[in-house]
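Below is one structure, written out as structure tokens; the observations come after it.
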Amino acid sequence: MKPPIIVFDLDGTLVDTAPDLLASMNHALKHVGLGPIDDEGFSKYVGQGARVMLERAYETSGQVPAPETLDELMGHFLDYYQDTMPGLSRPYEHVLDAIGAFRAEGYIAAVCTNKIEANAVRLLEALEIDGLFAAICGQDTFPVRKPDPAHLTGTIARAGGDPARALMVGDSETDIRTAQAARIPVVAVDFGYTDRHVSAFGPDTVISHYRELDPALAKSLLDRRDATS
């Protein structure tokens with residue numbers, strides 16, 4: 001029998017990466033004569049990916065960036081981000097304890113992120129927590145990415161987990177819609193990167209701290225899902 005599995009989004013869910021992503025954004029903007037951009041309000045774009053964040057930042061100048069300009073910005077962004085990793089990025093308080101509690105109950109853990117896979121692996125290695133995860137899957141791991149449910153189900157399969165006993169944890173509409181499409185219960189954290197409160201997207205439950213996430217909560221959500229299927 002395959003083990004139960006808990007799958008985490010990365011940015012804004014597992015690790016607070018906003019300070020380094022915003023620093024990388026401002027580094028990139030400097031190369032086209034813009035910025036720096038204050039972080040107020042820009043964290044909400046982190047969950048939509050670096051390209052969207054850069055596009056929104058560029059638009060504050062009153063211009064729409066050409067595709068080639070965005071490509072240039074992405075190049076500068078990625079170079080700086082990779083060179084300074086892990087920077088100020090840190091796992092959220094108590095999340096490693098929560099993962100430990102799940103592992104003690106026989107769960108495996110995985111990461112399903114729209115970050116480039118190599119960058120996700122590199123960040124988790126730099127934080128020395130990559131060994132906690134049976135799979136780390138990014139936007140380029142499969143032919144599809146979140147919110148396509150195949151990104152999540154593919155991550156579960158790669159990790160060797162049981163999709164019938166799987167739980168997703170995320171911080172954005174994208175994460176919630178992905179889990180819902182895969183018919184996997186989803187816990188939303190309300191401290192991540194989103195432009196609306198996560199409760200607006202109908203997750204199975206919302207937590208404000210990882211002390212609230214434990215195997216008992218997972219069991220209740222799985223039982224509820226099974227009862228309504």
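Numbers below:
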{"item": "Three-way shape label, segment 121-229, alpha-carbon gyration tensor, a/c 1.5", "result": "rounded"}
{"item": "The chain, helix-only ellipticity at 222 nm - DSSP H runs n ≥ 4, -39,500 (n - 2.57), divided by all residues, nearest 500", "result": "-13000 deg cm²/dmol"}
{"item": "Cα gyration tensor shape of segment 8-82, rounded if a/c is under 1.5, else prolate or oblate by comparing a/b with b/c", "result": "prolate"}
{"item": "On Cα atoms only, tilt of 173-182 relative to the major axis of the chain in degrees", "result": "40 degrees"}
{"item": "Pairwise centroid distance, computed over Cα atoms, of segment 75-120 with segment 135-203, Å", "result": "15 Å"}
{"item": "Phi to ³J(HN,Hα) by Karplus 6.51 cos²θ - 1.76 cosθ + 1.60 over segment 215-226, Hz, x for Gly, Pro", "result": "x, 5, 5, 4, 4, 5, 5, 5, 4, 5, 4, 5"}
{"item": "Rounded D (µm²/s) - the chain, Kirkwood Rh over Cα pairs, Stokes-Einstein at 20 °C, 1.002 mPa s", "result": "120 µm²/s"}
{"item": "Whole-number accessible area per residue in Å² for the chain, which is evaluated in the context of all protein chains at 1.4 Å", "result": "44 Å²"}
{"item": "Environment charge at MET1 (Cβ cut-off 11 Å; Lys +1, Arg +1, Asp -1, Glu -1)", "result": "+1"}
{"item": "Folded to 0 to 90 degrees: helix 117-126 orientation relative to the chain principal axis, Cα", "result": "80 degrees"}
{"item": "Heavy-atom accessible surface of segment 100-229: percent carbon and sulfur, 1.4 Å", "result": "48 percent"}
{"item": "³J(HN,Hα), Karplus 6.51/-1.76/1.60, whole Hz, each residue of segment 91-103, x for Gly, Pro", "result": "x, 5, 4, 6, 5, 5, 5, 5, 4, x, 5, 5, 4"}
{"item": "Using alpha-carbon coordinates, inclination of helix 50-59 to the longest axis of the chain, degrees", "result": "40 degrees"}
{"item": "Cα-centred dipole magnitude for the chain, charges only on beta-carbon of K, R (+1) and D, E (-1), debye, nearest 20", "result": "760 debye"}
{"item": "GNM result for the chain, Cα springs below 10 Å: residue of GLU55, GLU173, GLU128 fluctuating most strongly", "result": "GLU128"}
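The values are calculated or read from the model by the stated rules, or taken from the named source; none is laboratory data. These figures come from a predicted structure and were not determined experimentally. Don't worry about glycine lacking a Cβ; one is built from the backbone with ideal geometry, like all the others, and counts go over all protein chains shown. These area figures cover heavy atoms from the full protein model, side chains too; ligands, DNA and RNA do not enter into them. Shrake-Rupley method; radii C 1.70, N 1.55, O 1.52, S 1.80 Å.
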